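Below is one structure, written out as structure tokens; the observations come after it.
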Amino acid sequence: MHLERHYDLTYARLIRPFAGHPGRIRALRLANSALVVLMYIAYPLLLGELFYEGGLAGNGLLQKAFWVPALSFLLVTAVRSRINRLRPYEAWPLKPLIPRNKQGESLPSRHVFSSTVIAMVYLYIHPAAGVCFLLVSLASAAVRVWGGVHYPSDVAVGFLAGVGSGLALWL
């Protein structure tokens with residue numbers, strides 16, 4: 001991707017609004033954590049709601065809401081392990097705004113994928129909430145790029161994979 005050819009320069013431009021503003025960096029890090037926690041809370045709540053409404057045995061909706069994301073997550077994990085793309089802070093001389101020690105496995109972004117496939121489950125069951133959660137996924141994608149832990153293509157592929165996996169709910 002053209003943006004990633006000289007990514008050190010691209011990233012320097014991306015984070016210019018954060019330079020000399022430790023409060024903005026703290027806010028970015030807080031947003032990253034908050035967006036992850038939001039989805040970690042939202043998904044079990046939805047599964048709990050579906051369980052409460054129909055139990056395990058008679059609730060095909062609960063089965064779909066669990067198995068589509070679970071199997072997709074395993075597939076994405078295997079694919080990114082196989083690709084094993086270096087993260088921006090490994091491949092370029094840059095210091096990420098979100099400290100991270102993870103090596104490789106940058107493509108696709110599993111955080112963005114997970115957030116998006118959960119948003120798709122919400123879209124299937126509660127459309128208005130699903131649209132809101134898709135916006136949360138896009139915000140998470142932006143934060144991961146500004147934070148320096150993913151390339152734009154990593155989060156784009158993660159988002160598209162999440163949407164694609166989520167479309168299986170309608171089958």
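Things worth noting here:
- Estimated translational diffusion coefficient (Stokes-Einstein, Kirkwood radius over Cα pairs, 20 °C, 1.002 mPa s) of the chain: 128 µm² per second.
- Note on the chain: with a GNM built from Cα contacts shorter than 10 Å, the maximum mean-square fluctuation among TYR122, TYR40, TYR89 falls on TYR40.
- Using alpha carbons only, the radius of gyration of region 38-129 set against its Kirkwood radius gives Rg/Rh = 1.10.
- The alpha-carbon positions of region 25-76 define a convex hull whose volume is 69 Å³ per residue.
- Å³ per residue enclosed by the Cα convex hull of region 1-57: 121
- Nitroxide proxy distance, nm - points 7 Å out along Cα→Cβ at LEU138 and ARG100: 2.1
- Acute angle (nearest 10 degrees) that the helix 60-83 long axis makes with the longest principal axis of the chain, alpha-carbon atoms: 30
- Folded to 0 to 90 degrees: helix 22-54 orientation relative to the chain principal axis, Cα: 10
- Spatially, region 57-98 and region 157-171 are offset by 12 Å when compared through their Cα centroids.
Read-outs: derived from the displayed coordinates by stated rules, not from any lab. All figures in this text were calculated on a predicted structure; none of them were measured in a lab. Here Cβ is always computed from backbone atoms with ideal geometry, including for glycine, and neighbour counts include all displayed protein chains.
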